[in-house]
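Participant: This is the structure, below, for whatever I ask next.
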Amino acid sequence: MKKLIIAPHIDDEVLGCGGILDSNTHVVYVGNGHSKNIISKEDRIKEANDVKNFLGHTYSILSHEVDKYKVYPLINDFEEILKIHKPDELYVVHPSYNQDHKIVYDAAMTATRPHDTNWFVKKIFLYEQPQLYLWNNTGKEFHPNYFVNIDIGRKIQAYKLMPSQVRSFRSPELLHSMATIRGKQSNYKFAEAFQIIRWVD
């Protein structure tokens, strides 16, 4: 089962999908997601490599400038990426108050429309982010209806390999608490939750 995860920034994939990242997964970062005041581009990529080496997935980085994403160019990029990777499952970030997340979501929904020249992805999911759990004022509620049993220790260990991104509002403790709640909802000890956008057998 080939999985493709579209991450607006380096770290979104671990925060939302860290429990399912494996050797059958390719991550596409829309931008390098670095801040000149926090960490250099090179160090941010080193963190991405550390996580990749630990979890076993592959990744690629598009050249879009953070905080300046535009829908139309991303639609074209996503359509080409889908044709290249031909995933069975696609994971897209749920739109939050983050402007990059909203634009990535909008572009991905257009790129995955039924079309005779596009790769048709049979299973499309939205993944959540801690900030969405804490503050969702978008008018688009996250409705989890697909749950995956995860190793929360492995996910947190991967997250800590990105020390520049570990913050109090998305702390390892919060990730543990969210996995516990999602686990309680699905009869697992720990889980990641997703919202099904499309499911075709």
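Participant: Between a first residue in the range 173-200 that is of a type in the set (A, V, I, L, M) and a second residue that is surrounded by 15 or more Cβ atoms within 10 Å (Cβ to Cβ) and part of a loop (DSSP other than H, G, I, E, B), which pairs have beta carbons less than 7 Å apart while being 6 or more apart in sequence or on different chains?
Facilitator: Within 7 Å, the pairs are Ala179/Ile150; Ala179/Phe190; Ala191/Ile150; Ala193/Glu128; Ala193/Pro144.
Participant: Filter the range 91-104 down to the residues that are surrounded by 21 or more Cβ atoms within 10 Å (Cβ to Cβ) and among the hydroxyl-bearing types (Ser, Thr, Tyr), then identify the one that is farthest from Ile197 (Cα to Cα).
Facilitator: Ser96
Participant: A further question follows. Condition test on Val51, is it open to solvent by less than 20 Å² (accessible area, probe 1.4 Å) and either in contact (Cβ under 8 Å) with a residue 12 or more places away in the chain or on the phi < 0 side of the Ramachandran plot (or both)?
Facilitator: Here the answer is yes, as Val51 does meet what is asked.
Participant: For the structure I just gave you, tell me whether Leu82 is among the hydrophobic types (A, V, I, L, M, F, W, C), farther than 28 Å from Trp135 by Cβ and either open to solvent by less than 10 Å² (accessible area, probe 1.4 Å) or assigned to a loop (DSSP other than H, G, I, E, B) (or both).
Facilitator: So Leu82 passes the test.
Participant: So Gly31 fits all but one of (1) modelled with pLDDT under 95; (2) open to solvent by less than 50 Å² (accessible area, probe 1.4 Å); (3) under 18 Å from Arg170 (Cβ atoms); what number is the exception?
Facilitator: Condition (3) is where Gly31 drops out.
Participant: Give the residues of the range 60-70 that are touching a residue at least 24 places away in the same chain (Cβ under 8 Å) and open to solvent by 50 Å² or more (accessible area, probe 1.4 Å), sorted by residue number.
Facilitator: Within the range 60-70, Ile61, Ser63, Glu65, Asp67, Lys70 qualify.
Participant: For the range 157-179, does any single residue satisfy the condition of being among the basic types (Lys, Arg), within 17 Å of the chain's Cα centre (by Cα) and open to solvent by 40 Å² or more (accessible area, probe 1.4 Å)?
Facilitator: Among the residues of the range 157-179, at least one is among the basic types (Lys, Arg), within 17 Å of the chain's Cα centre (by Cα) and open to solvent by 40 Å² or more (accessible area, probe 1.4 Å), which makes the answer yes.
Participant: Looking only at residues in the range 107-144 that are in contact (Cβ under 8 Å) with a residue 40 or more places away in the chain and among the basic types (Lys, Arg), which one is surrounded by the most Cβ atoms within 10 Å (Cβ to Cβ)?
Facilitator: Here the residue is Lys123.
Participant: Looking at the range 145-166 only, could you name the residues that are basic (Lys, Arg) and in contact (Cβ under 8 Å) with a residue 24 or more places away in the chain?
Facilitator: Arg154, Lys155
Participant: Modelled with pLDDT of 95 or more and either assigned to a loop (DSSP other than H, G, I, E, B) or in contact with a Cys (Cβ under 7 Å, 6 or more places away or on another chain) (or both): which single residue out of Tyr97, Tyr59, Tyr105, Tyr91 fits that description?
Facilitator: Checking each option against the conditions leaves just Tyr91.
Participant: Can you tell me how many residues within the range 137-174 are in a helix (DSSP H, G or I) and farther than 17 Å from Asn187 by Cα?
Facilitator: 17
Participant: Now a separate question. Take Asn32 and tell me if it is free of Cβ contacts under 8 Å to residues at least 12 places away in the same chain and either part of a loop (DSSP other than H, G, I, E, B) or of a type outside the set (Lys, Arg) (or both).
Facilitator: Against the criterion (free of Cβ contacts under 8 Å to residues at least 12 places away in the same chain and either part of a loop (DSSP other than H, G, I, E, B) or of a type outside the set (Lys, Arg) (or both)), Asn32 does not qualify.
Participant: Kindly indicate which of Asp43, Asp22 is loosely packed, with under 15 Cβ neighbours inside 10 Å, acidic (Asp, Glu) and part of a helix (DSSP H, G or I).
Facilitator: Being loosely packed, with under 15 Cβ neighbours inside 10 Å, acidic (Asp, Glu) and part of a helix (DSSP H, G or I) holds for just one of Asp43, Asp22, which is Asp43.
The values are calculated or read from the model by the stated rules, or taken from the named source; none is laboratory data. Quick caveat: nothing in here was measured; it's all calculated off a predicted structure. Cβ: placed from backbone, ideal geometry, glycine included. Neighbour counts: every protein chain shown. Ligands, DNA and RNA are excluded from the accessible area calculation, which covers all protein heavy atoms including side chains. Shrake-Rupley method; radii C 1.70, N 1.55, O 1.52, S 1.80 Å.
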